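Q: Next up is a structure, given as structure tokens.
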Amino acid sequence: MRRLLLGLLSALATASCMPVVEGQDYHLEGQEVRLTLLHTSDIHSRLIPYDFAPLKTDQDLGLVPEAGPFGGATRMAAILKRERARGERVMHVDSGDCFQGAPIFNLNNGEVEFRFLSQARLDAAVVGNHEFDAGALNFTQQAKQNATFPLLAANYNWNDWRQNGSNETGLETSPYTIRNIKGLRVGIVGMANISSLNSIVEGGNSLQVTPLEQNEVVRAYVALLRPVTDLIVLVSHLGLTEDQDVVQGYEAYYEYGRARSFIRREDSPWQVLEWFGPEGNENSVVRVFVPGVSGVDVIMGGHLHVVLNPPQLLADPSGRKVVLAHSGAFSKYVGRLELVVKMPDVLGTGEGGEVLSQDYRVFPIDGLWCDDAMRRYRYDSNIFWEDGQFIQTPAVRAAIDACREQEDRQTTHLLQPYIIGMDMKLQLTNIFAYAPTDVTRRNNSTGGDSPLGNIAADSMRKRRRVDAQMALTNSLGIRDNLYSGVVSQESMFNVFPFENTINIMYLSGKEMQEMFDFVAERSSERGCVSQAQISGASFTMDCAQVQINDLRVECKLSLEGADCPPDNREGHAPWQCIQDTSTSATTGRCYAHPGTNIVVGGKALNPFGTYRVAVNDYIAKGGSGFNVLKRNTTRQETGISLRDSLIGYMQDFCTCDDINAGYATRGNRADGQRCGSLVNGQWVINDRLRASCREMQDYENELSAKVGSCSCEDLLRNGYNPSSCGVASVTNPDQARAACIAAKQVGTCTCGDLAARGYNPDGCNIPDVTTALEAQAACAVSAGPFTGRCDCREVMSGINPVCGTVTQQLRNFCTNPTAMPIADAVEDGRIGRRVK
């Protein structure tokens, strides 16, 4: 149920103090005026270019997967400056969540994010929910010291800042701002997020704010601003559905006494659709339709990290079109919305301008951010690119270099001290594991447990000093995948950007049931995709039962559920008849537990038992709606971060040396961690992992092959320079490479033997190699493990500029990859789901 505070809204419509907008006198009556809106959103501290694997949706939007790393403030600033220079009337708005998501925030608490946006001449930003991740007081201080742009939150009613202990956040935010852009008056209203901030609606209000109902807030500010503006733009962090609801209206549940004045009013009344309880009773719950708002021209939205290309065109209640645009997240894109606005014939009549047309474009931010021609070249349907071929093309390398030279130097200067600080304090390049394939944070097949979620929860449960019977963490707290390649400290900051810690709690069997029921209910609202990851337990999310419970079928309390619908109950939990506030003292509603088949430690949940449970501190305090944990008084803070817990756990994973040797545990120790994954009660090493380990061993063998007195590794490290190797006949790098190939054994022949015979395999006892071409392929030096940007052969030889900065630790890994712990995980079915 959406909450609202309605007492202040009527005052907005009668406000008399309007700002005076000064500037040059423009005469735009009756003209068609062009306005450019530059849009950023959900930057999440990604000010430094970073690596990730672009999805199909990213590639469809023009992001070139080979042209990493992606994002970055220097590129974003250059695009913003370029587009400002191209337009006559330009405005830049940001849809919130510039904080949190990369290590630069963990060290600086948002200082550099606000300084960057201020330097980029941002016109206005809405306050995102992650702006409060380091506390409301931190947000206030950072805004006061580093933000030169308006921070907007029209739907937040802040507590009186003059009270003792106030965060004084209300002093640093405004509900709206007005920009006069060469005679075009634009009113910008900020709509902050409510759905992700449980603390402001469930008690313990550390933000010191009361949320206001979104549509009535917008309706009031449109009435306030329309007489003095030509265009009204909402900058929103509500979310896509909520943005649509502002214009089109939505259904909600309220107590009749709280909604009565809105239901009875003449202008835009709320429509009662259904009563729950006696009609007309103040305490009865009513299902109402809250009408949409007329008068908004544009909504620039965020929060869900999506790109709307093209933007949606929504019809408001008056039939007027509203442009809704979202421009993605993580500094992967900058959006540009071009509007043609028809100005009224007589200014000051309150009619405002009308958007006649719009054109939207999204600018992908990768290594080719400045070169549209090269991007078209990459996606030319008439060209088939082999793996690695496009990025090695000289013209592409030249284009990337040219774009690098065009990055904004003022932003580079701003970031330098912060980057140096991260290098010194966080050691982000440290490597502690290797992932042969992506370890994903989402389950793409069943919507249940995920590979990364499983090992994250396992690391919490098994951590020394925790040793819990089960562990549970919220899925949304795991923010990124572990991508194939070396797993570094930076990778782990992307996975766990928040400074969450492990808490230990003791839950009764009844509380455990309530917790699993809540997970099922919350997951049902999100397509029955699990919103929690667990360890030491298994259960089924009965999302179908959640929908049945929501029907609120009436029953008699005395019959204890016997009068609830009896059909199709196989596999569902038994009915209960529970008390309902909207029914009489003798009646209730039918309810069955949606969390079913709960097993903890191999045994069915004991409703009378007590369980030692590891959870993260965020949900332990009631975050994400876990009220059952918030009410519990046994919480113990361990101080162990989830990030460090997972790192320590993965460092004990088996290496390829263990797997190739057939060991069951790390180092074949009795107390070593088991190799592989536990599937259906048995530890299994999948074929894909075994193949990866064999390939790494082959690569190591090839490195050790001798050419004169040098190994191929020596030659690789020295750029195939054969000096001092005692190989007089090898005088250049090409001959050195050929010598390394010749040192490799194929059947009973060396590659040198095959080369002498023109790669004819006859007499070499290699029946599976039947042609000279196959023999040549068998002799080729393998690429070795993929490190995330390039393969180990390229790392060692330094021949591929795509590799970027190569650290000594990365070179050491490429010398002996089979000794590195292998980050591998699978979905093992510990979370099932039922949708029928």
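The numbers here are math on the coordinates, done by the rules we state, and not lab data. Bear in mind that the values here come from a model prediction, so they are computed numbers and not experimental data. No Cβ is skipped: glycine too gets one built from the backbone with ideal geometry, and neighbour counts run over all protein chains shown.
Q: Kindly rank 647-659, 599-611, 304-316 from highest to lowest mean number of other beta carbons found within 10 Å of each residue.
A: 647-659, 304-316, 599-611
Q: Have a look at the DSSP beta bridges in the chain and tell me what percent are antiparallel, nearest 5.
A: Given both bridge residues lie in the chain, the antiparallel proportion sits at roughly 75 percent.
Q: Regarding the chain, what is the average projected area of its C-alpha convex hull, in nm²?
A: Approximately 42.3 nm², given one-decimal rounding.
Q: Checking the table K81/K144; K510/K621; K332/K425; K332/K630 against a 28 Å threshold on Cα-Cα, which pairs fail?
A: Violating the 28 Å Cα-Cα cut-off are K332/K630.
Q: Shifting gears a bit: For the stretch 337-408, run through the GluC sites (Glu not before Pro) and keep only the ones in DSSP coil with at most 16 other Cβ atoms within 10 Å of their Cβ. Numbers along the way, then the final one.
A: Numbers: sites: E338, E351, E354, E386, E405, E407; in loops: E351, E386, E407.
The qualifying sites are E351, E386.
Q: So how far, in whole Å, is the C-alpha centre of the stretch 571-600 from the one of the stretch 267-338?
A: A separation of 33 Å, based on Cα centres.
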